[in-house]
1. Could you pull the accessible area for Thr9 with a 1.4 Å probe, rounded to 10 Å²?
2. Any chance you could run the full-extension gain for Ser154 through Leu5? It's 0.36 nm times the residue separation minus the Cα-Cα distance, nm to one decimal.
3. Scan (1) 13.7; (2) 9.4; (3) 12.3 for the value of mean projected area of the Cα convex hull in nm² calculated from this model and give just the label.
4. Give the carbon-plus-sulfur fraction of the accessible surface of segment 20-158 in %, rounded to a whole number; probe 1.4 Å, heavy atoms of protein chains only.
5. In square angstrom, what is the accessible area per residue of segment 50-124 with a 1.4 angstrom probe?
6. Could you pull the accessible area for Ser3 with a 1.4 Å probe, rounded to 10 Å²?
7. Measure off 7 Å from each Cα along the Cα-to-Cβ vector at Lys75 and Phe56, then give the distance between these two points in nanometres to one decimal.
8. For segment 118-170, what is the charge dipole size about the Cα centre, in debye to the nearest 20, if Lys and Arg each add +1 at the Cβ and Asp and Glu each add -1 at the Cβ?
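The values are calculated or read from the model by the stated rules, or taken from the named source; none is laboratory data. If you're wondering where the values come from, they're calculated on a predicted model, not measured in any experiment. Note: ideal-geometry Cβ built from the backbone for every residue, glycine included; neighbour counts use all protein chains shown. Protein only, heavy atoms only, side chains kept; ligands, DNA and RNA dropped before computing areas. Shrake-Rupley method; radii C 1.70, N 1.55, O 1.52, S 1.80 Å.
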Amino acid sequence: DVSDLYPDTLAFAMDSTNQARYCMDRVKEMTWQSEDMDLKTQSDDDRLAFYDVEVFPNLLVICWKFIGEEASTVKMINPTPDQVQKLLHLKLVGFNCRRYDNHILYARANGYSIEQLYELSQRIVEHNDRSAMFGAAYDVSYTDIYDFSSKKQSLKKFEIELGLKHSELGLPWN
């Protein structure tokens, strides 16, 4: 729902020097919010679950936790496809997950081996290979914080900006 942007967008359209009438008509035709959806059918639990995925040549790590539960991070080490399928029933929230993490989860849930996941990860990250991504994977997460963040930057940059301690894993990605 981005209907709160309507007045600003209409004002911007009215300021057009050559095509004001056309722009205003286009703004009036825009869809500003999606239809209401029954999210209960998509999730077994109403709580938001924040998650992250890391892939190495012989290791898949998925960590997640429900919002507000500080000491309850679940660490999944080389989870089975069935375990990942169960995870997909949660309202998953990630950071830049539509670009990477969702595709890894989707592939694992569909039976990709750890080695195949690493190859997929390399294609996505190192080669920016759009054909390595799955159309259905974009909807795996409930939302992606990066999509609605007003400042588009990495988590590492947010940590530095906020004065938080950043620690790298210390293992080579390759």
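1. Probe radius 1.4 Å; accessible area of Thr9 about 40 Å².
2. Net length gain for the segment: 51.1 nm.
3. (1)
4. The nonpolar share, carbon plus sulfur, comes to 51 percent.
5. The answer is 47 Å² per residue.
6. 50 Å²
7. About 1.2 nm, to one decimal.
8. Values: 7 positive and 9 negative charges, 43 e Å.
Approximately 200 debye in magnitude.
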